[in-house]
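The values are calculated or read from the model by the stated rules, or taken from the named source; none is laboratory data. All figures in this text were calculated on a predicted structure; none of them were measured in a lab. Glycine gets a Cβ as well: all are built from the backbone with ideal geometry, and neighbour counts include every protein chain shown.
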Amino acid sequence: SYALQSFGLYFYIDGVTPKCFFEELPKDTLVVGQYTAEEYNPSIQAYNNNPQLAIQITVDETFENDHRVVNQKGSSSGRFTFTAGDSGEHRLCFWASHASSGGWFSNNPEGVKLTLDLAIGETSEIESKDKDKLADIVQRVKDLNSRLQDIRREQVFQREREAEFRDQSESTNTRVVRWTLIQLALLGVTCAWQLSHLRAFFIKQKLT
Amino acid sequence: MRLPTILGATILASLSLFTSPVAATALTYKLAPNERQCFYSTADKKGSKVAFYFAVQSGGSFDVDYKVTGPNDKIILDGSKERQGDFVFTANEPGEYSFCFSNDMSTFAEKMVDFEIAVENEARAELPSKQGTSPEHLSSLEESLFKLSGQLSTISRNQKYFRTRENRNFSTVRSTESRIFNFSVIESLMMVTMSCLQVFIVRFFFQGARKGYV
């Protein structure tokens, strides 16, 4: 976790609103995350570790009625793992709270500094764990292999998306035809109505 | 005698390049209208390379404002209404770098921004763990592995690009579908209104006192 603090990406959250990320994940993708949270301490005007701080991580499948697949509440620093059961958009949210009181009284929008190291895909798990072992050639070939598997999974996902896209295009095409026919029919009816109405009118006015 | 040492040095150099720790985080964030969101990363060593990639996946006209600020509020990159960007810059000063996105130009469109921030920190030279393997043995294998890794990175990048394009196409088709419906309804209403108007105006011409004059 010491290495994480120097190298990871960080952002600020307050104790009330969660910070959410949306990731489109192909089926069976492994996601590994390591996080460290620090709270702003007004007395020293800096961020430091607060043992009372608790971070809750939730993952919802937005394509499945926001079905919650992960709901993990942990201490201020830790690690979480989950595997995507189905292809689609997953929403990862991070919530900060105080462990003891269960609530939060600070409304400082930069109250909590969360450092996150998120690895999506098999390869990255190796990267984030054993950077030293990468020097070994065998390990490197394994790493390349895992990356290939990631690429393969993404391709399968792309095929599914493309099928959806084709369905959408076809439905649009059908819609064009349907509405054009409706409009033509309406045009014909209106024309017939105009002529018959005017004819009746002229007969009534004894002009025809 | 010179050649093996030069070869050995190249191997060491290429190894160190390959094993330098790169901290890369790829995330997709949903920017609400008029929202400004920043992500931060620290560059420890002067001269470390920072790679910043972003692509707007969906929303509005698929563009976003971005600003990359270095330590001492020095603006490194600044762009407005960009669809995607891929930059690599050298961190001249160690410190906190902020990557900010802003959706000020939209009043109701929320944008999904896919971004990746990678900071290449201090390169650590690692010798291969196996003793007794000569540099020549390793060199061709190393090179192939390095090339493979580079090509896989290219494929991954291409896949990301295709995903972004596919999202845009999807959004275009959906918008076409809704537009067809809306415009058809408007056209039908206008047609009916105009025909009624025509009929009643013609009637008006032939009615009453003007009968026989037209």
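For the range B:86-96, state whether one or more residues are touching a helix residue (DSSP H, G or I) at 6+ places or on another chain (Cβ under 6 Å) and among the aliphatic types (A, V, I, L, M).
no
Quick grid of which residues meet (1) closer than 30 Å to residue B:179 by Cα; (2) surrounded by 15 or more Cβ atoms within 10 Å (Cβ to Cβ); (3) modelled with pLDDT of 85 or more; (4) out of contact with any strand residue (DSSP E or B) (no Cβ under 8 Å at 6 or more places or on another chain):
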| residue | (1), (2), (3), (4) |
| --- | --- |
| A:84 | no, yes, yes, no |
| A:102 | no, no, no, yes |
| A:114 | no, yes, yes, no |
| A:123 | no, yes, no, yes |
| A:142 | no, yes, yes, yes |
| A:158 | yes, yes, yes, yes |
| A:163 | yes, no, yes, yes |
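Would you tally the residues in the range A:80-97 being over 20 Å from residue B:114 (Cβ atoms) and part of a strand (DSSP E or B)?
Total satisfying the criteria: 6.
Which numbered condition trips up residue B:39, out of (1) at pLDDT 90 or above; (2) away from every other protein chain (no Cβ under 11 Å)?
(2)
Being among the aliphatic types (A, V, I, L, M) and facing another protein chain (nearest Cβ under 10 Å) is the filter here, so list the residues in the range A:158-176 that pass it. Give the steps one after another, and end with the answer.
Within the range A:158-176, the subset among the aliphatic types (A, V, I, L, M) is A:163, A:176.
Within the range A:158-176, just A:176 meets the criteria.
So which residues in the range B:74-98 are aliphatic (A, V, I, L, M) and either in contact (Cβ under 8 Å) with a residue 60 or more places away in the chain or surrounded by 14 or more Cβ atoms within 10 Å (Cβ to Cβ) (or both), if there are any at all?
Matches in the range B:74-98: B:76, B:77, B:91.
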